[in-house]
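Working notes, structure below.
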Amino acid sequence: MISSHDSLRLFLAAADNDDKVRVDGEPRAALEADVVRCCLSRKKEQCSFVDHRDVRLVYRQYAALYIVVGVTDTENELSIYELIHNFVEVLDKYFSRVSELDIMFNLERVHVILDEMIQNGHVVETNKSRVLAPLHALTKMADAS
């Protein structure tokens, strides 16, 4: 997730150790900066799919927030595009109109939502109620304490 002010809010990578993520020998920070520049430099009228090195970036803009997913050429871009929208709908349902501040101050909850939706790089759940069930259970347990 990227804010329109060039601030990276969330970065997930499929790797053993996120601190040492490298793409084509380039460190993670350089990759992040390159992806941010690539997406923020595009106009609203342009397609939300852009080829970037050996991956295709699929992104959607919601107000001042961009959600970007890098996929291989075997992935269906439209399904990823819809997955991004579904993810935002789940966030909206949980936070009652999600904002960038909700994401910044509740990053662990956003991670739980993503973990419920995507596991090992595969979409496993899109039903909003089932995705949010573990968070609601955690909230009830915390309130009971």
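In this calculation the C-beta distance from Arg97 to Ala30 is compared with R0 = 25 Å, giving a FRET efficiency of 0.10.
Ordering Asp143, Asp102 by accessible surface, largest first, gives Asp143, Asp102; the 1.4 Å probe counts only protein heavy atoms, with every chain in place. Quick one: net charge of Val98's neighbours, Cβ under 10 Å, K/R +1, D/E -1? Residues close to Val98 contribute a combined charge of -2. Computed over protein heavy atoms with a 1.4 Å probe, the accessible surface of the stretch 42-145 works out to 63 Å² per residue.
For the stretch 101-113, putting each phi into the Karplus relation 6.51 cos²θ - 1.76 cosθ + 1.60 with θ = phi - 60° gives couplings of 5, 4, 5, 4, 8, 9, 4, 5, 6, 4, 4, 4, 4 Hz, in residue order, rounded to whole numbers and with x for Gly and Pro. Of the trypsin sites (Lys or Arg not before Pro) found in the stretch 77-145, those in coil by DSSP whose Cβ has at most 10 other Cβ atoms within 10 Å are Arg97. Ordering Cys38, Cys47 by accessible surface, largest first, gives Cys47, Cys38; the 1.4 Å probe counts only protein heavy atoms, with every chain in place.
The values are calculated or read from the model by the stated rules, or taken from the named source; none is laboratory data. These numbers come from a predicted model, not from an experiment. Ideal geometry is used to build each Cβ from the backbone, glycine not excepted, and the neighbour counts take in all protein chains shown. To get the accessible areas, we keep the full protein, side chains included, count just its heavy atoms, and leave off ligands, DNA and RNA. Shrake-Rupley method; radii C 1.70, N 1.55, O 1.52, S 1.80 Å.
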